[in-house]
Amino acid sequence: GVGGPSKLVYRVGPPAASAAGFAVDSSSGVVSTTTVFDRLVVSQATFNVTCKDTAGHTAVAQVKVNILDHRLRPVYNLTVQDLDAGQNANVSLTLVSGNDRGWFSIVDGFKLTAASNIDREAPGLAYDSAGNGRVLLVVMATDAGSPTRLSSTGILTVLVGDVNDSPPRFAAGTENRQYQLAESTSVGSVVVPGFDVLDNDLATTNSFVFSLGVDGNFNETFQITPGGSLKLNKQLSRAAKAQFNLTIYLTDGVFNTSTFITIIVMDSNNNSPVFGSPLYQFFVTENDRSGVTGQLIGQVQADDPDTGLNGKVVYSVGSPSNHRYLLAISENGTVTLNGTLDREANAMLVFSIVASDMGVSPRFTTAELRLTILDINDNQPEFTAPQYVGSVPENSPAGTEVYFLPSLQATDRDADNNSFIEYSIVDSPSLPFVINASTGSLTVAPGASLDREALSSGASFAFTVAAFNSRGQPSTLNRTLVSVVVRLADVNDNAPTFGSGGAGYNFSVSEGAGQFTSVGRVAATDPDAGDNGTVMYFIVSGSDSRFVINISTGEIQLLYPVDRELKDFYLLNVSAVDRGSPALSSFVGVSVVVTDINDVAPTFQPSASTTFVLTEESMGVRVVGRLNATDADFGDNGRVTYFLTDSTALATFKLNASDGLLTTVETVQFSQSSCSEDSGAPTSLTGTTEVTVRLSDVNDWSPTFSETEYRLTAFDNPTDDTQPRRNGTAALLIFLNQITDQLPTFSQVNYQFSLAENSSPGSLVGAVNATLSAGSAFSVRYRLLNEVKGNITVRPGAQPDRENSSQTPYLVITVMAFTDSTPSRQAFSVVLVTLTDVNDNSPQFAAPSYTFAVVEEPARLPFSVGFVSASDADAGSNAAVFFAILGDTSGLFEVDSGTGKITAVKRLNREAAARYTFQVVAADGGSPARSTTVGVVVQLEDVNDNPPSLPTLVSANVTEGLPADTLVTMVTASDPDIGLNATVGFRLIQTEVPPMFYLQPDGAGNVSVKTLGKLDYATKSLYNLILIAYDLGNPSLSSTATLSATVQRLDRSVPRFDSTFYNASLPDNLAPGTPVFDIPASSTGVAFNYSLGSSGNANGAFVINSRG
């Protein structure tokens, strides 16, 4: 049931008579016998047992008990020996004496049996040492002899063993015994160690079990062990029950018995006084001197149910110790006040009052007494700060509240009407603000226009606010003034304005300027304040990645060299963006003119050489042709002047310096180089070309003899190939000698030989052969050869070099074969000697080293890095150049073996490596191959591909009540990029109105999170803010962190001043020791002392005692 299990009580019946000889334990339900049964009389007993709980519910069960036969009368055979025979040996036995109780008999002449129930506990029965009953029988043995029957006697000892056939009984004096027990006796204490019990049976046949009756054992206060030890089960209370009448039950397993005892509970001062109420509330007016001593404020009452001095109650004031003297409590509980109270010091005093009895060991109890001090108007309004500085966004509409930290508020230490405060603005009729008379809330006045940029007063208003008490009585102190300053918080309502007035900027930069050369500076102003007025500059378009701009100063710099010959003008679209949210911006055009430097030499068309053909004529000036050279530079740097480089040509040709017209001075064949130069400063550049003037012959000369008289050897077939033929005459004397009319005949019309370049002198080139007809008496000789046999060899001291620019790879030699006759007969043949190439030149790179600049993270792979080029002066396969990369580049780069194009084939990450250095080898196709290496540097330019790194979650704790600008935490952001891409700015997103935090970055990636005012744990204990870190790349990348600021409770036990500022005016010449004023401070439950700091206390002019 509810409240715990019910108590069950067992009884025999109904009807009770049916259970004669049986009993049941009322607590345990154990059924036992109360008498000895004889199975021969009763073999089975049937009766009912009733069970009843404390709620009155009953149940009946039928019990059947079978009586077992275990007491069959024993029969013992007695043996007697008679030495006779026959009839004389037949012996019979009789009991002579010892059978006074008739317990035994002899049957069948020699069998001893029990004649009746044998009782070990029969009076007068003797016992042996083991407790067995002892019976001595005298038995006579008589034979059947004739004529005389003979007999003899013997003693038979019969031991009677014990069975449990005697009921137990409590010893005399146990019945209705009284015990006294103190009510303070501990639970578990032994009340009665045991009960004296008597039983005629042996102890070995008994099993005593004690139990406690339910009736009289109130609330189960007592319990008894099976061995008979009575103990206290629950705490005694004399007030609850002063006397217990207990029934003690005993069973030996067969028989049951019971007895009664009485326990009287003695008073032990175990009750504390009890107040009629745990809380008493009384009232008294502050500063009431009508009854300075003994002013009645109320009465308390406490009762103690104990008796005598244990129940007599006296009163006292327990705490607080520093106010105990204020109250006195009489014996009847009357409470009186000693002295006066100040409500503003303590609006309520809480006392602990004590009621104690007068027992030997007094007991006491406490109650709370709350003494409420009623107010009188003895204080004037006080502002919570000596001065207030508030802010309101400019352009705020009417009704917008000005934000103050701390709030513009006055308090009056009095209560109710005595503390009623109204507010007003003093003597400022044109102020654009109104004040709520009840709350002190300052709001924008209807029709007011708040434009921070239009104000000349420093964007702030200063005025005075009054707080006065119009309802307090008496109204002696009712007005207090305070200085108020309202600052207009800037709103981002102005976009930056460029100083050019929107007309744009015009700058110029030389095409030879180096990286980061300053091009010019744009400047924009923003009349807003703070971030709203901080201007950032960006190049929006038009730079072709050649220019960058300083985000803060607006200075435009050259990022990569510009080439005027490729592009001579850039129009940049520059934006000025403030840091407001949302940001405002404006744009301006910036014209950048690329000025020329003399970096391009004039170029002839065609560039290699120019050939003019001029018909041979008589002397006179003739136009040969016009040379054309151009220069891509501008102005004087691009104006071309022509001149001849060989001074010997000046006697034959004249070259017009301005237009390149080439004319003759006299008739001649001429091949010479011509130059053109520009007029650039400081150094002119020159271009050259080779000009060949070929004169076509005109047959304008007649043959002339060198002598007027000749001695000739005539031969036939004279020839003259000149057309038309002309004849000359001379005196001719002819002497006839032996002649031959046979001409040498070459075996070949012409010969072709090859000669390896660099062949040593004397190396055989080849052999020519010319012959005469058979039988000729003459022999053939060769001219220009050093051997008559016609072998051609390399001349001593010569070094054939195919690559020598002064030599030609093809040598044409005319060989003359002539006879040794007079006159000699001659024949001619042409020998073409080709110099074959030897791999004697290594490839040469066009530059001593190569540096390429590429942006990291190219959009597509492979990505072209640049070209290397090399040439080989040899020919054929010896001049074929193949490229390869030397060194480990981690497979990032490849080079085209044929073109020298270097490509990036894997992702390039500047943050992993900003610079790669390796070598490229150029090898020719000769055997063995020759090679040359060149150094290559690949410089990665940064791309804004990394957002600033922030911790995901930043947790910080800040104690409530600390002043504004308190550091909450510092957060560091890092960006692996460089330049503006790694320059980090911060923003803070907070939903609280007004905001409670602001950021203070240090420009090095660190930002301090600080408070805008005091935090109040009761108002808000947790702030979840979003911190954004962004870089200044284009486009900007950002990351966010959750900033969790937990406001911790202020330790109120630390002493704190009631105000952060105190002000006092003192007259001159005050005597030392003159009080100035008290400085109130308070703490919770902790004593404290005052001390004066040294700062500001010049010459130790002031002292403060330990009480302030």
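The values are calculated or read from the model by the stated rules, or taken from the named source; none is laboratory data. Source: prediction; values computed, not measured. Glycine also receives a Cβ, built like all others from the backbone with ideal geometry; neighbour counts cover every protein chain displayed. For accessibility, only protein heavy atoms count, side chains too; no ligands or nucleic acids. Shrake-Rupley method; radii C 1.70, N 1.55, O 1.52, S 1.80 Å.
Summary table
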| item | result |
| --- | --- |
| Options Leu558, Leu584: the member that is open to solvent by less than 10 Å² (accessible area, probe 1.4 Å) and either free of Cβ contacts under 8 Å to residues at least 24 places away in the same chain or within 46 Å of the chain's Cα centre (by Cα) (or both) | Leu558 |
| Filter result (among the β-branched types (Val, Ile, Thr) and closer than 14 Å to Ala410 by Cα) within the range 450-500 | Thr464, Val465, Thr480, Val482, Val484 |
| Filter result for Asp288 (among the acidic types (Asp, Glu) and open to solvent by 50 Å² or more (accessible area, probe 1.4 Å)) | no |
| Residue satisfying condition, being assigned to a strand (DSSP E or B), free of Cβ contacts under 8 Å to residues at least 60 places away in the same chain and in contact with a Phe, Trp or Tyr (Cβ under 9 Å, 6 or more places away or on another chain), within set Val354, Val392 | Val354 |
| Residues of the range 1003-1032 classified as in a strand (DSSP E or B), over 25 Å from Tyr403 (Cα atoms) and in contact (Cβ under 8 Å) with a residue 40 or more places away in the chain, total | 4 |
| For Thr247: the one exception among (1) open to solvent by 60 Å² or more (accessible area, probe 1.4 Å); (2) touching a Gly at 6+ places or on another chain (Cβ under 6 Å); (3) assigned by the TED database to the domain that holds Phe210 | (1) |
| Strands (runs of 3 or more DSSP E) (entirely within the range 413-518) containing at least 1 residues that are at negative phi and open to solvent by 60 Å² or more (accessible area, probe 1.4 Å) | 433-435, 460-468, 479-489, 505-510 |
| Members of the range 294-310 found to be surrounded by fewer than 17 Cβ atoms within 10 Å (Cβ to Cβ) and under 30 Å from Val360 (Cβ atoms), listed by number | Gln299, Gln301, Asp303, Pro305, Thr307, Gly308, Leu309 |
| Matching residues, the range 930-953, being at pLDDT below 90 and open to solvent by 60 Å² or more (accessible area, probe 1.4 Å) | Thr952 |
| Thr225 vs. criteria without any contact (Cβ under 8 Å) to a residue 24 or more places away in the chain, open to solvent by less than 80 Å² (accessible area, probe 1.4 Å) and within 30 Å of Ala20 (Cα to Cα) | yes |
| Test for Ala126: is it free of Cβ contacts under 8 Å to residues at least 12 places away in the same chain and either of a type in the set (Asp, Glu) or open to solvent by less than 60 Å² (accessible area, probe 1.4 Å) (or both) | yes |
| Residue count for the range 198-241, restricted to those that are at pLDDT below 85 and either of a type in the set (D, E, K, R) or within 60 Å of the chain's Cα centre (by Cα) (or both) | 4 |
| Tally, over the range 968-995, of residues that are closer than 17 Å to Leu953 by Cβ, among the hydrophobic types (A, V, I, L, M, F, W, C) and either in contact with a Cys (Cβ under 7 Å, 6 or more places away or on another chain) or open to solvent by 70 Å² or more (accessible area, probe 1.4 Å) (or both) | 2 |
| Scope the range 851-887; condition in a strand (DSSP E or B) and either among the polar types (S, T, N, Q) or outside the structural domain of Gly898 (by the TED database) (or both); matching residues | Thr851, Ser864, Ser871 |
| Residue within the range 1032-1043 that is open to solvent by less than 40 Å² (accessible area, probe 1.4 Å) and more than 30 Å from Arg910 (Cα to Cα) present | yes |
| So Val49, is it surrounded by 10 or more Cβ atoms within 10 Å (Cβ to Cβ), at pLDDT 80 or above, over 60 Å from the mean Cα position of the chain (by Cα) and assigned to a loop (DSSP other than H, G, I, E, B) | no |
| Residues of the range 583-603 classified as modelled with pLDDT under 90 and over 24 Å from Glu511 (Cα atoms), total | 1 |
| The one condition in (1) open to solvent by less than 40 Å² (accessible area, probe 1.4 Å); (2) closer than 23 Å to Thr54 by Cα; (3) of a type in the set (Phe, Trp, Tyr) that Phe195 fails to fulfil | (2) |
| Residue that is in contact (Cβ under 8 Å) with a residue 60 or more places away in the chain and touching an Asp or Glu at 6+ places or on another chain (Cβ under 7 Å), where the choices are Ser237, Ser211 | Ser211 |
| Extreme residue, nearest to the chain's Cα centre (by Cα), among residues of the range 631-655 that are exposed (fewer than 15 other Cβ atoms within 10 Å of the Cβ) and either of a type in the set (Ser, Thr, Tyr) or on the phi < 0 side of the Ramachandran plot (or both) | Asp636 |
| Meets criteria (modelled with pLDDT of 80 or more and either surrounded by 10 or more Cβ atoms within 10 Å (Cβ to Cβ) or closer than 30 Å to Val107 by Cα (or both)) for Ser26 | yes |
| Scan of the range 528-555 for residues that are open to solvent by less than 50 Å² (accessible area, probe 1.4 Å) and over 39 Å from the mean Cα position of the chain (by Cα), ordered by number | Gly542, Ser543 |
| Unmet requirement for Thr157, which otherwise passes all of (1) assigned to a strand (DSSP E or B); (2) open to solvent by less than 30 Å² (accessible area, probe 1.4 Å) | (2) |
